[in-house]
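See below for the structure under consideration.
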Amino acid sequence: MKISTYLILSAVFTSNFGIADEISNVPAFMQSFVIDPSKPVPKDKIAFNNMLTLNDDMFTVYDKSLGIYKNDFLNKHPLIMGLFSGKGGRFILYRPGQPPLEAESVPQVYQAAKSIGHCAMGTFVLLSPYSANPSANLAWLGSLSAYRTDVQTSIDSLDTLDVKPEVRDLFRVTLKQIAVFMDNCLKNRTYTFDELQSWARNIKPDLAKLIDVATNAQVKHWWGVLEEWKKMIGKDWDTTYGLSNSIYVARQNNILFSTLVQFFGQEAINDRLMLLETTDFTTTPELMMDAFMRIVSDRLIGEVFFKNPRLMDFELLGGSARKVIEAEAADHGTKAILPPQVPFNSTAWPWKTDPTTGTGPSNMDQIK
């Protein structure tokens, strides 16, 4: 055994003598950081990395050029940016040669109405995890008691709230419904899911009224702002661009975008008026500006390379991928599920518009 082991080790040392000698040239504390000479990088991987570097370099070039394009664009075109926010949105007007102008926020009645509606939903969210046996697990009790205190504070301050009397009455009625239900749960130290659901269904009509109060304040406010800005921009309106952001849940009935369309007209949709997808409800003007500038600057590339400025607004590989998907589906005996192809310059609304592709209600009033 000793002889065999010696022979094996000798063979390994002999075959790797050069490598071992190379490693010995590196200080011991550095040896774990250097590339192992016994494991050279395959040549094809090096070649692929060389190709991929071209793409990385492109982004560096792109970023530098984007700054130049941005300055040139904003020196020629007014831009209205609508951003989602918990206060009913933000609107910022960019005009050539002038600092950005941000509009006043939506009246606070919007936030108050939303807060009361969210309180009702928050109560359900707080209690529903324990609804299987709430008396056996009282972890909800302290949180509900604290929430109840906040509700009472809001009720006590209603008389000093600067809103219309009928709106104040709606706030009071809704908050009291929440408070009464909370009190029953705290007093009995339990509740059932049926009680929770019944309360939620009973308060629903008032939640719908709160939505009307909030949207009335929001839409009328932004309508007035855009009306004023359109007059201010004057003859340059036809070269003005607009954009707003959305995440999935706010996409179908996006209030900011829908209001912008009323001033820009349908012919501007997806041309001078864009809806940008974001991963969060809120984003920054800087991120929105960068995303917007990439879209409009890429239209130059589309025109020069492909003789269509709008081609780059869409996934460049999507057209070819569509053919592959159709072919793969056919090879596997199925039919490809794909939307109809539409022109790149389509001015269709950027969300679901075909009522034949689904069933059921399409607004809250249709839910019985």
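Condition first: open to solvent by less than 80 Å² (accessible area, probe 1.4 Å) and either within 21 Å of Val109 (Cα to Cα) or not in a helix (DSSP H, G or I) (or both). Now tell me which residues in segment 148-163 satisfy that.
Quick first cut of segment 148-163, residues open to solvent by less than 80 Å² (accessible area, probe 1.4 Å) only: 148, 151-152, 154-155, 157-158, 161, 163.
Once the filter is applied, which keeps residues that are open to solvent by less than 80 Å² (accessible area, probe 1.4 Å) and either within 21 Å of Val109 (Cα to Cα) or not in a helix (DSSP H, G or I) (or both), segment 148-163 yields Val151, Gln152, Ser154, Ile155, Ser157, Leu158, Leu161, Val163.
Each row is one residue, and each column tells you yes or no for (1) β-branched (Val, Ile, Thr); (2) farther than 26 Å from Ala268 by Cα; (3) open to solvent by less than 40 Å² (accessible area, probe 1.4 Å); (4) out of contact with any helix residue (DSSP H, G or I) (no Cβ under 8 Å at 6 or more places or on another chain).
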| site | (1), (2), (3), (4) |
| --- | --- |
| Lys307 | no, no, no, yes |
| Glu315 | no, no, no, no |
| Val342 | yes, no, no, yes |
| Asn345 | no, no, no, yes |
| Lys352 | no, no, no, yes |
| Thr359 | yes, yes, no, yes |
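Please specify each residue of segment 86-99 satisfying the condition of being part of a loop (DSSP other than H, G, I, E, B), free of Cβ contacts under 8 Å to residues at least 60 places away in the same chain and within 24 Å of the chain's Cα centre (by Cα).
Scanning segment 86-99 gives a single hit, Lys87.
Taking segment 215-258 as the search range and keeping residues that are farther than 17 Å from Asp271 by Cα, hydroxyl-bearing (Ser, Thr, Tyr) and in contact (Cβ under 8 Å) with a residue 40 or more places away in the chain, which one is surrounded by the most Cβ atoms within 10 Å (Cβ to Cβ)?
If we take residues in segment 215-258 being farther than 17 Å from Asp271 by Cα, hydroxyl-bearing (Ser, Thr, Tyr) and in contact (Cβ under 8 Å) with a residue 40 or more places away in the chain, then Ser246 is surrounded by the most Cβ atoms within 10 Å (Cβ to Cβ).
For segment 286-305, name all the residues that are open to solvent by less than 40 Å² (accessible area, probe 1.4 Å) and among the basic types (Lys, Arg).
Arg299
Got at least one residue in segment 103-123 being in contact (Cβ under 8 Å) with a residue 60 or more places away in the chain and in contact with a His (Cβ under 7 Å, 6 or more places away or on another chain)?
yes
Is segment 114-128 home to any residue that is in contact with a Lys or Arg (Cβ under 7 Å, 6 or more places away or on another chain) and part of a helix (DSSP H, G or I)?
No, segment 114-128 contains no residue that is in contact with a Lys or Arg (Cβ under 7 Å, 6 or more places away or on another chain) and part of a helix (DSSP H, G or I).
Does segment 326-338 include one or more residues that are among the acidic types (Asp, Glu), under 25 Å from the mean Cα position of the chain (by Cα) and open to solvent by 70 Å² or more (accessible area, probe 1.4 Å)?
no
Considering segment 11-35 alone, what residues qualify as being modelled with pLDDT of 70 or more and either open to solvent by less than 90 Å² (accessible area, probe 1.4 Å) or in contact with a helix residue (DSSP H, G or I) (Cβ under 6 Å, 6 or more places away or on another chain) (or both)?
Val26, Pro27, Ala28, Met30, Gln31, Val34
State all residues of segment 312-368 that are of a type in the set (Lys, Arg) and touching a residue at least 24 places away in the same chain (Cβ under 8 Å); if no residue qualifies, say none.
Across segment 312-368, the qualifying residue is only Lys352.
The values are calculated or read from the model by the stated rules, or taken from the named source; none is laboratory data. Because the structure is predicted, anything quoted here is derived from the model rather than measured. As a convention, Cβ positions derive from the backbone with ideal geometry for all residues, glycine included, and neighbour counts pool all protein chains shown. In case anyone asks, the SASA skips ligands and DNA or RNA and just uses the protein heavy atoms, side chains included. Shrake-Rupley method; radii C 1.70, N 1.55, O 1.52, S 1.80 Å.
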